[in-house]
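The values are calculated or read from the model by the stated rules, or taken from the named source; none is laboratory data. No experiment lies behind these values; they were computed from the predicted model shown. FYI the Cβ positions are ideal-geometry reconstructions off the backbone, even for glycines, and counts take in every protein chain you see.
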């Protein structure tokens, strides 16, 4: 015979849902900072308003990657853009008001900096301007850093 003193407890109430608190830093940059840019057998473009982290890796394997910094929000006054291109292309577009150092190697490829016509005659960047250090290698590939006018940085 079943024990009548045993009674089932009612189910416990569900815990309250967590509150959603907007991130105060979300309004600083239009888009979250990417961890990297990868073009593998295709094309990848990072342009328009976006947030560039202090260190960004760009990899292109049999593809084309474009990184446009003219409208980017740099998270640091000193940024590193690390590029590896293998049988592909990487184009970096830098506005004339940024200081750019290009220190890459080409192995059966090119790693160059070019001054675009739209930046000719522009004043040199100020001594305290943000600095972008471009490093990496082009292996049977082409990496070109264009100093180019056009869309102004915010």
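Could you pull out the residue among 34, 10 that is over 23 Å from residue 146 (Cβ atoms) and either modelled with pLDDT under 90 or in a loop (DSSP other than H, G, I, E, B) (or both)?
10
Return yes when residue 85 is more than 18 Å from residue 115 (Cα to Cα), under 12 Å from the mean Cα position of the chain (by Cα) and surrounded by 17 or more Cβ atoms within 10 Å (Cβ to Cβ) and no when it is not.
no
Taking the stretch 130-152 only, how many residues are surrounded by 14 or more Cβ atoms within 10 Å (Cβ to Cβ), in a loop (DSSP other than H, G, I, E, B) and either modelled with pLDDT under 80 or under 19 Å from the mean Cα position of the chain (by Cα) (or both)?
Of the residues in the stretch 130-152, 4 are surrounded by 14 or more Cβ atoms within 10 Å (Cβ to Cβ), in a loop (DSSP other than H, G, I, E, B) and either modelled with pLDDT under 80 or under 19 Å from the mean Cα position of the chain (by Cα) (or both).
Collect the residues in the stretch 91-119 that are outside any strand (DSSP E or B) and surrounded by 19 or more Cβ atoms within 10 Å (Cβ to Cβ), keeping them in residue-number order. Before you say what the answer is, go through the steps one by one.
To start, the set of residues in the stretch 91-119 that are outside any strand (DSSP E or B) comprises 95-98, 108-109, 116-119.
Passing the criteria: 95, 96, 109.
Out of 81, 41, 74, which single residue is at pLDDT 60 or above and under 19 Å from residue 140 (Cβ atoms)?
41
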